[in-house]
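So the structure is just underneath, and the comments pick up after that.
The values are calculated or read from the model by the stated rules, or taken from the named source; none is laboratory data. Being a predicted model, the structure only gives us computed values, none of them experimental. When we count neighbours, we look across all protein chains shown, and the Cβ atoms used for this are built from the backbone with ideal geometry, even at glycine. Each accessible area value is taken on the protein alone, full model and side chains, heavy atoms only, with ligands, DNA and RNA left out. Shrake-Rupley method; radii C 1.70, N 1.55, O 1.52, S 1.80 Å.
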Amino acid sequence: MTPRVETVAETGSTNDDMMARARDGASEGCWIRAERQISGRGRQGRAWSSDTGNLSASTLVRVHPGDPPAPTLALVAAVALHESVTVAVPGLDVRIKWPNDLVVGDAKLSGILLERQGDAVVVGFGVNLRSAPSIADRATVSVASLIGTAPTPADFLDILADLMTYWIATWRSAGLEPVRQRWLAAAHPIGAALRVRSGNTAVDGLFAGLDRDGGLLLRTAETVRTVHAGDVFLL
């Protein structure tokens, strides 16, 4: 099925635009893509700039009774985006960093932001195809800087929309476990050194997988912690 994509030349935030459409009764599976996004944001309200040639797009999921917990859509989106990159850019060694960033080495290639209102979950994607924004506390990278060229945002979104449809259907029909297993296969390896920062507190440990609900398992000298919120850095 051809994705329902609305393309605009410029907007502040595709997530804000999609949230407005959700309030107006938009149905699941619609997309909005901006050629240029000037007031984008990431998790915890961080600014995320996206210029022409990068993907800035949002879609809508309507949460149904009986669906797995809505926050686990973060893992669904990460898996769909990771598979999209592997299809669009074969051979690129890209990994998922909890919960849903894509990284090449320790450099951020993309970000995903989920926002909810009622039964509507808006999922926003920012992918550095042509260029990488400057972020104060972390390295960033673009597809073009790695291989010299990049797919167009429109072509990339065609792939992503199909894979989101597939993985949302899997999440609904089979539960979180197939998503969780695919996420683990695409993530950095078990035993990778991580730092989890929450507010002014930072904890170092080793990646020990995901719990059954998608929480990050962090092995420290004393115990294995389950992390449900925080910024994760590869060490």
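Rolling a 1.4 Å probe over the protein heavy atoms of region 72-179, with every protein chain left in place, gives an accessible area that is 53 percent carbon and sulfur. Residues of region 208-235 with an amide N closer than 12 Å to a point placed 7 Å from the Cα of E177 along the Cα-to-Cβ direction: 212. Our estimate of slack between N200 and S145, defined as 0.36 nm per intervening residue step minus the Cα-Cα distance, is 16.5 nm. Only one residue of V89, S198, A139 has its Cα farthest out toward the positive end of the dipole of the chain, where Lys and Arg carry +1 and Asp and Glu -1 on Cβ, and that residue is S198. Charge dipole (Cα centre; +1 on Lys/Arg Cβ, -1 on Asp/Glu Cβ; no other charges) of region 97-207 amounts to roughly 240 debye. Net charge near L160, counting Lys/Arg +1 and Asp/Glu -1 over other residues with Cβ under 11 Å of its Cβ? Here the charged neighbours net out to -3.
Region 176-210 and region 111-135 have their alpha-carbon centroids 20 Å apart. Mean separation of Cα pairs under 8 Å and 6 or more residues apart, divided by the residue count, gives region 19-128 a relative contact order of 28 percent. In summary, the helical segments of the chain meeting the span-like criteria, namely a full DSSP H run, a Cα extent along the axis of 20 angstrom or more and a mean Kyte-Doolittle hydropathy of at least -0.5, are 73-88, 153-174. Each residue, A154 and D51, gets one label point 7 Å from its Cα in the Cβ direction; the gap between the two is 2.2 nm.
Extending 7 Å from Cα along the Cβ direction at T223 and again at A192 yields two label points whose distance is 2.5 nm.
If the segment from V8 to L235 were pulled out straight at 0.36 nm per residue, it would be longer than the present Cα-Cα gap by 77.8 nm. The magnitude of the dipole of the chain, with charges of +1 and -1 set on the Cβ of Lys/Arg and Asp/Glu and taken from the Cα centre, is near 400 debye. Heavy-atom accessible surface of the chain, averaged per residue, reaches 44 Å², computed with a 1.4 Å probe.
Across the chain, Cα pairs under 8 Å and at least six residues apart give a relative contact order of 17 percent. Residue ranges 203-210, 84-91 sort as 203-210, 84-91 when ordered by packing (mean number of other C-beta atoms within 10 Å per residue, highest first). Across S39, S131, S13, mean-square fluctuation computed from a Gaussian network of the chain (C-alpha pairs under 10 Å connected) peaks at S39. Rounded to the nearest 500, the helix-only mean residue ellipticity at 222 nm of the chain stands at -8500 deg cm²/dmol, with each DSSP H run of n ≥ 4 adding -39,500 (n - 2.57).
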